[in-house]
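To start, the structure under review is shown below, and the notes come after it.
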Amino acid sequence: MTSPTRPVRVLHVVVAGDIGGAERLLIDLATRPEQTRATHAIALFTPNPQLRAKFRDAGLRIYDHGPSALHPLAYLRRSFGPFDVRWIANAIKAEQADLVHVHTYASHIPGVRAAKLCGVPVLRTEHGLHHYTDPSCALFRRWALRSTDMVVCVSDYVRRFVAAHDPVMIPRLRVARNGVDTHYFSPVPFPSDTPFTFGITCRLEAWKQVDLVIQAMAHLPDRHLVVTGDGSQRTGLEQLARELGLTDRVRFLGYQPDPRIAATLVHTSVSASRDEPLGLTILEAMAMGRPVVAFASGGVPEIVQPGITGWLAPPQNKNGLITAMREASRSSATARDMGKQARAFVEHSCSIETMCREYANAYATLVPNPLSKAAHES
């Protein structure tokens, strides 16, 4: 007699301070139990009340560790000490979780250790690659990777990188691109009777290279730029705009809880990130009917098609970025037409439904036959 099954019970381990692509992907995933064929809860370590509130407002079940430091000593204590690992293990037991899903670098080691204590598999979403190249992240990096049962990469670029870094992991790697809710991120009209305006939405950190976009604006007279987001670089970026005499053409909106606001103000989106793993904000802009200017590096060429959905500049080439932005701003009509094709690409290849289906398959691979509680107890 076949034992009754139930949805896979997933506990996500999140150690984070910012609200970025990983955190937003998690909300998209965890709020769709029917599509992922799983129930979701979060074991959360964060010092950021906004992040905690964002998860709660989404209706997610949270095991809240309380305000949690993220400095290096706290990372070492959390990863290698007994207390936080035991706390995560207790959350696994309380949730009766079948699977631990880790997302951020700081969650890798404690999440794996807790899962091993409880005898459940670990799935890891590889959102980025910084921890592979940063020497400060080297301690037990390989052990955490090899102790993970499956790694879901957000792009083919990330999969190739991880495979080259540790070929042993190749059989455990698969790709699930970030998905966009195409109902929430629906097309909006182009601005009318306004100068051609570019938009960049991201955390204002060094690797996002917003400074290159602001510098490019000095070579694009009569063009405007809207910068949405916050971070450690914001003060310096505002100073750069002042020094270049661009305060009347570069506008800083700060962090916006609703990322759709910026799209209504711009004609074309820009990304200047260094080796962007994929680019969730790029996909969201495309879903809202905005073409994209970006560097042809990382996972970006997988989603931005030159001459169809946007313009690509040679990697790390500021003059190339200026040329691409100049070409993009020649015609609002052309940008509008390419924005329609960008929307069609997202609907076909990067929808939230496609992403959830890929994760449902991943969960089912690791937990093929979750027993119902009654069957398990019997």
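The values are calculated or read from the model by the stated rules, or taken from the named source; none is laboratory data. Remember, it's a predicted structure, so these values are computed and weren't measured experimentally. In this analysis, Cβ positions are derived from the backbone assuming ideal geometry, glycine residues included, and neighbour counts consider all displayed protein chains. The area values use the complete protein model at the heavy-atom level, side chains included, leaving out ligands, DNA and RNA. Shrake-Rupley method; radii C 1.70, N 1.55, O 1.52, S 1.80 Å.
The lone criterion from (1) open to solvent by 20 Å² or more (accessible area, probe 1.4 Å); (2) in contact (Cβ under 8 Å) with a residue 60 or more places away in the chain; (3) touching a Phe, Trp or Tyr at 6+ places or on another chain (Cβ under 7 Å) left unmet by residue 15 is number (1).
Of all residues in region 183-196, exactly one satisfies the criterion of being within 25 Å of the chain's Cα centre (by Cα) and surrounded by 18 or more Cβ atoms within 10 Å (Cβ to Cβ), namely 185.
Of all residues in region 119-147, those satisfying the criterion of being in contact with a strand residue (DSSP E or B) (Cβ under 8 Å, 6 or more places away or on another chain) and either of a type outside the set (S, T, N, Q) or without any contact (Cβ under 8 Å) to a residue 12 or more places away in the chain (or both) are 120, 121, 122, 123, 124, 126, 145. Take the residues of region 215-268 that are within 30 Å of residue 53 (Cα to Cα) and of a type in the set (S, T, N, Q): which is surrounded by the most Cβ atoms within 10 Å (Cβ to Cβ)? The selected residue is 228. Here residue 148 meets the list (1) within 24 Å of residue 21 (Cα to Cα); (2) surrounded by fewer than 17 Cβ atoms within 10 Å (Cβ to Cβ) almost entirely, failing just condition (2).
A quick yes/no check of all residues on (1) closer than 26 Å to residue 10 by Cα; (2) without any contact (Cβ under 8 Å) to a residue 24 or more places away in the chain; (3) part of a strand (DSSP E or B):
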position: 294; (1), (2), (3): no, no, yes
position: 311; (1), (2), (3): no, yes, yes
position: 325; (1), (2), (3): no, no, no
position: 335; (1), (2), (3): no, no, no
position: 362; (1), (2), (3): yes, no, no
position: 368; (1), (2), (3): yes, yes, no
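Each residue in region 41-71 was checked for being on the phi > 0 side of the Ramachandran plot and in a strand (DSSP E or B), and 1 pass. Just checking, does region 290-304 include any residue being open to solvent by less than 10 Å² (accessible area, probe 1.4 Å), basic (Lys, Arg), under 22 Å from residue 196 (Cβ atoms) and within 23 Å of the chain's Cα centre (by Cα)? Taking every residue of region 290-304 in turn, at least one turns out to be open to solvent by less than 10 Å² (accessible area, probe 1.4 Å), basic (Lys, Arg), under 22 Å from residue 196 (Cβ atoms) and within 23 Å of the chain's Cα centre (by Cα).
Yes/no matrix, rows are residues, columns are (1) under 20 Å from the mean Cα position of the chain (by Cα); (2) at pLDDT 95 or above; (3) not aliphatic (A, V, I, L, M):
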position: 28; (1), (2), (3): yes, no, yes
position: 33; (1), (2), (3): yes, yes, yes
position: 84; (1), (2), (3): no, yes, yes
position: 87; (1), (2), (3): no, yes, yes
position: 97; (1), (2), (3): no, yes, no
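Of the set (1) in a helix (DSSP H, G or I); (2) under 30 Å from residue 300 (Cα atoms), all apply to residue 114 but (2).
Looking across region 187-235, the residues that are over 19 Å from residue 249 (Cβ atoms) and of a type in the set (Asp, Glu) come down to 205, 230. Restricting attention to region 88-104, the residues that are surrounded by fewer than 24 Cβ atoms within 10 Å (Cβ to Cβ), in a helix (DSSP H, G or I) and of a type outside the set (D, E, K, R) add up to 4. Answer yes or no as to whether residue 291 is touching a Ser or Thr at 6+ places or on another chain (Cβ under 8 Å) and at pLDDT below 95. Here the answer is no, as residue 291 does not meet what is asked.
Which ones in region 339-357 are among the hydrophobic types (A, V, I, L, M, F, W, C), open to solvent by 10 Å² or more (accessible area, probe 1.4 Å) and in contact (Cβ under 8 Å) with a residue 40 or more places away in the chain?
345
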